[in-house]
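Undergrad: Dumping the structure here so I can ask a few things about it.
The values are calculated or read from the model by the stated rules, or taken from the named source; none is laboratory data. No experiment lies behind these values; they were computed from the predicted model shown. Methodologically, a virtual Cβ is constructed for each residue, glycine included, from the backbone with ideal geometry; neighbour enumeration extends over all protein chains shown. Ligands, DNA and RNA are excluded from the accessible area calculation, which covers all protein heavy atoms including side chains. Shrake-Rupley method; radii C 1.70, N 1.55, O 1.52, S 1.80 Å.
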There are 4 protein chains.
Amino acid sequence: MCRWMGWSGQPLVVEELLFKPQHGLVDQSLHSRLGVERTNGDGFGLGWYGAGDGPGVYHSVAPAWGDVNLRELAAHIESPLFLAHVRATTGTAIQQTNCHPFRHGRWLFVHNGLIEGFEAMRRELLLAVEPDLFAGIKGSTDSELLFHLALGYGLEQDPVGAMELAIGLVEATALRYGVENAVQASVGVSDGERLWAFRYSTEGRSRTLFVSADASAVRQLHPENERLQGLRDEDRLVVSEPLADLEGVWQEIPESTVLVVQPGDDVQLPFRPHHEPAQSNGTPARLSG
Amino acid sequence: MCRWMGWSGQPLVVEELLFKPQHGLVDQSLHSRLGVERTNGDGFGLGWYGAGDGPGVYHSVAPAWGDVNLRELAAHIESPLFLAHVRATTGTAIQQTNCHPFRHGRWLFVHNGLIEGFEAMRRELLLAVEPDLFAGIKGSTDSELLFHLALGYGLEQDPVGAMELAIGLVEATALRYGVENAVQASVGVSDGERLWAFRYSTEGRSRTLFVSADASAVRQLHPENERLQGLRDEDRLVVSEPLADLEGVWQEIPESTVLVVQPGDDVQLPFRPHHEPAQSNGTPARLSG
Amino acid sequence: MCRWMGWSGQPLVVEELLFKPQHGLVDQSLHSRLGVERTNGDGFGLGWYGAGDGPGVYHSVAPAWGDVNLRELAAHIESPLFLAHVRATTGTAIQQTNCHPFRHGRWLFVHNGLIEGFEAMRRELLLAVEPDLFAGIKGSTDSELLFHLALGYGLEQDPVGAMELAIGLVEATALRYGVENAVQASVGVSDGERLWAFRYSTEGRSRTLFVSADASAVRQLHPENERLQGLRDEDRLVVSEPLADLEGVWQEIPESTVLVVQPGDDVQLPFRPHHEPAQSNGTPARLSG
Amino acid sequence: MCRWMGWSGQPLVVEELLFKPQHGLVDQSLHSRLGVERTNGDGFGLGWYGAGDGPGVYHSVAPAWGDVNLRELAAHIESPLFLAHVRATTGTAIQQTNCHPFRHGRWLFVHNGLIEGFEAMRRELLLAVEPDLFAGIKGSTDSELLFHLALGYGLEQDPVGAMELAIGLVEATALRYGVENAVQASVGVSDGERLWAFRYSTEGRSRTLFVSADASAVRQLHPENERLQGLRDEDRLVVSEPLADLEGVWQEIPESTVLVVQPGDDVQLPFRPHHEPAQSNGTPARLSG
């Protein structure tokens, strides 16, 4: 069901977190411990902020453990904020357009989880996407569609509110289709400045999601690593599974919660999806420009 | 803009027509003479009827000229009716789900051409697809969408009538979007028994499409080839471009015409797309079960 | 470390054995039970005898479980003798030229196992390949090299004797490099008429290899399957891991043994690699033309 | 026969030279004007110096014109020295290990051209590679082998001298095989500080190779581009084909010449391959540590 990782802090060469830690994300692609599926071999994605305009994205359909280009890029791309994702498809095609992170302007989006009954609801949910955002949907996943629903609800102005409406719409639609526990969602969203980490499921039994306690946690990951020893207090790492068994380092993000990693103090907010009935013109309420 | 080839007749090992002829389809992938683009390197597809249930499909994003698996399959798959297609994308992603032939049950569909203004109209045209056919759309091309529109109009019962309605709908939609010459379509359709070859464009200046005059034409292609010398009178080859410059062998399929290759005499019918306004329930008229 | 399967008998559509059985080879690619590695996601290969000249080969670097083309081919290729292989690389590149089966003329070769210390010995072993066979080596695996050593020792005339010399040479070379337990080899070889299944390791603790007891074994696999109920007495299936837990159906091929599946009675022969010192001209003794 | 480009100078986002110029390298992949083949669709490679240790390398078997990841990387990787290469295979497999640039430590190597009669000579030339460099050869191209021959002759100490010996060896070997005009070589080599651009062929009719006259040349390429207007005097661009038809900007590198782009004045040196007979131990003379 996918695993993901997000870094926000001091610029790092990506491999420092992707390949070098014990049980890092690439190891999780082959030997996931906490996921529903042990193997996440149906594609990889990296989105990073750095040189050039907006975030760069690398999408690969090769399993992460064997992707030579990924190893190269991880060793030569430096970034203060990046999201990485290993995929285990829940049925949609293995193709680059289905790899996370998805991007819209400066925004990146990764998702671990699924929408139950998606194939049956897909047409109706696609219709609920803002028409001028529709062309941005290049693949066929539930995740990309959820992102575009949220964009239509104003994700760029209010990520938490927009995600609450987007997931609320999916849940309301699912109920009409007779699906009770529709949404499993561990989601990472970023605009390059902040990183939102959502943990939510309709049934209240969400996939795991952890955040590093503070900079000292990451320092302990690699006491021998000079770069990591110099981490700033605001450096934060969000992961689907702990990178290693360092007791006391990893804090579980609670159920129905969103963590906002940002300059200054990070905050945890309750996350309560809800549905606003569609307006008379048949399209959902819209906040975005 | 793609090139395609269709064979109907005596069982042949596919390479006899795909690789061995001078200027065969794979050569056209690298050196198209009559196409808008010289290079058709954005994917390949082969659909064939033979062993197993229904047609088999091989889709590759590698250029046909360098695809080792294609060369193997062509040398070891034998079929009495197959369609092959080399792709030059008009903008949509290079991925297997965008490779022709598209398949629905026993039906195969290949398309050379495009729908002008497709990106703007895509959402509306997707909505016009029969809801219970919607899940069959796996990729993002205009071609696959056109196929599913036609399926909704009853392609399995009346291929010519359904294609006339499907293209008519696209043309009517395009007019509302201010696009005048919306459709360029050289299309091959088969159910494993018959092969329909459509040549049509809104502006009346269609991509080339040819059919072999009769079995003797194909025999002349390879006078040294024992297998081909034994061809039956009903064997027919349809191609975007003549395989070689054998004078008198290739007959151009006329503008706004569909050729039906079938047991007994083949027929050419006029092809006249037209639009039936949607019914009051907002969905197009539907003939299929 | 790879898993493989070989079928010899009545023509079958490949999926009957590749996808349909419980714990078939494609399931083993994701959830191997008896292999050193649980995941065999570094490529797939199918070699089959059927239409066209010699065996056809399909090689893919996508994991078998997610390869749409593999599913298509398995459903539409029918063959009386085929070998399939899922790969877990022991270090060499994930690329089509490293996928099994390897082919030489009418011969196919699959290997599960490895040559310990191969990287250090590779140059010397390459030199030991017959010069006129050298150009046939397209990839970089130990397996393909072992095949070409055996070809040089006359595999086409005497598969067992040639394999004994080839593995003997590797073992002798390895000893000079200080590697004691050099070879792990569960190998399948075929010329389209017979199928040789070798089980051997220098240390005498070989990877598992099983053969179906007789046609009734395969019939029990799918009592509901009409085709399988009609199997001939000579039909045989060789597998790295039993396809399902049918007690009494699977016979383990003993250590240091080669099973020859052939028309008439199959035979099991002892397999005893040994080394013939090189001749004075510096090249190994050669039996092949 | 491939096309390549090398940049040395002020850090640039790669797309400034790869995608934005009229008739840039990616356009040349589809519409080469001066190459033997118009289409260079058999793979792409980028090697760059920047973040991380040593150069990074991206290799892709997708045609450059359709590779979405390449577009992303080009837009988000910034480098003061990079080499890019589009490949048209002369027979060897289309796989990442055959994509340029090849790398050894801090060194990168790209090649446009070929070794005539390579398949017949490959075994002998492989033997001539220094044994401890042998394991660095991952693919099957003539280019990678030539690079490793030159490494054995001391390329890291004396690139020009080592290339003269390496090509000299190939020419001498070829003569024994009855091949007269063995080498076509437009080669780019870099250690991250300097860039060597070789133009040579045995027959004295080499593939084209050009260098930008001076910084003003590149400025004229994009008068509207602020970044390029700020180029330093030492910025240099080496290309197989001129990027656009700016008269007076492009200087042809003469036959049998190597251009050294370096801090301070660049120099052009004569390039005269010659052969040193092997020493009595059967291996070539060796300069490298």
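Undergrad: If you go through region D:152-160 one residue at a time, do you hit one that is more than 26 Å from residue D:120 (Cα to Cα), assigned to a helix (DSSP H, G or I) and either hydrophobic (A, V, I, L, M, F, W, C) or in contact (Cβ under 8 Å) with a residue 12 or more places away in the chain (or both)?
TA: yes
Undergrad: When you scan region B:82-93, how many residues do you find that are at the interface with chain A (Cβ under 9 Å from one of its Cβ atoms) and not hydroxyl-bearing (Ser, Thr, Tyr)?
TA: 1
Undergrad: Next question. Residues in region A:87-100: is at least one among the small types (Gly, Ala, Ser), open to solvent by 10 Å² or more (accessible area, probe 1.4 Å) and under 27 Å from residue A:193 (Cα atoms)?
TA: No, region A:87-100 has no match at all.
Undergrad: Within region A:37-79, how many residues are open to solvent by less than 10 Å² (accessible area, probe 1.4 Å) and on the phi > 0 side of the Ramachandran plot?
TA: Of the residues in region A:37-79, 1 are open to solvent by less than 10 Å² (accessible area, probe 1.4 Å) and on the phi > 0 side of the Ramachandran plot.
Undergrad: Here's something else I'd like to know. Please work out which one of (1) under 22 Å from residue B:50 (Cβ atoms); (2) open to solvent by 30 Å² or more (accessible area, probe 1.4 Å) is the condition residue B:235 fails and give its number.
TA: (2)
Undergrad: Look at region D:171-209 and say how many of its residues are surrounded by fewer than 21 Cβ atoms within 10 Å (Cβ to Cβ) and in contact with a Phe, Trp or Tyr (Cβ under 7 Å, 6 or more places away or on another chain).
TA: The qualifying residues number 2.
Undergrad: Then there's this: Being within 25 Å of residue A:135 (Cα to Cα), buried (at least 24 other Cβ atoms within 10 Å of the Cβ) and among the small types (Gly, Ala, Ser): is that true of residue A:84 here?
TA: Judged against the criteria, residue A:84 is a match.
Undergrad: Out of everything in region A:31-48 that is under 26 Å from residue A:95 (Cβ atoms) and touching an Asp or Glu at 6+ places or on another chain (Cβ under 9 Å), what residue ends up being modelled with the lowest pLDDT?
TA: Residue satisfying both the conditions and the ranking: A:35.
Undergrad: Given the options A:155, A:145, A:127, name the one that is surrounded by 24 or more Cβ atoms within 10 Å (Cβ to Cβ) and of a type outside the set (Gly, Ala, Ser).
TA: Only one candidate qualifies: A:155.
Undergrad: Next up: Output the number of the condition that residue C:113 fails; it satisfies all remaining conditions of (1) more than 11 Å from every other protein chain (Cβ to nearest Cβ); (2) farther than 30 Å from residue D:60 by Cβ; (3) touching a Phe, Trp or Tyr at 6+ places or on another chain (Cβ under 9 Å); (4) modelled with pLDDT of 95 or more.
TA: All conditions are met except number (4).
Undergrad: When you check residue C:136 against the structure, is it touching a strand residue (DSSP E or B) at 6+ places or on another chain (Cβ under 7 Å), assigned to a loop (DSSP other than H, G, I, E, B) and in contact (Cβ under 8 Å) with a residue 12 or more places away in the chain, yes or no?
TA: When the stated conditions are applied, residue C:136 passes them.
Undergrad: Given the structure, is residue C:119 touching a Gly at 6+ places or on another chain (Cβ under 9 Å), at pLDDT below 95 and either more than 14 Å from chain D (Cβ to nearest Cβ) or within 17 Å of residue D:139 (Cα to Cα) (or both)?
TA: The answer is yes for residue C:119.
Undergrad: Can you name every one of the strands (runs of 3 or more DSSP E) wholly within region B:51-129 that holds 3 or more residues which are touching a residue at least 40 places away in the same chain (Cβ under 8 Å)?
TA: B:78-86, B:102-104, B:107-115
Undergrad: Also, quick follow-up: Any residue in region C:229-249 that's modelled with pLDDT of 75 or more: show its pairings with residues that are among the hydroxyl-bearing types (Ser, Thr, Tyr) at Cβ separation under 7 Å, as long as the two are six or more apart or on different chains.
TA: C:236/C:8; C:236/C:212; C:237/C:212; C:240/C:186; C:240/C:208; C:241/C:32; C:241/C:208
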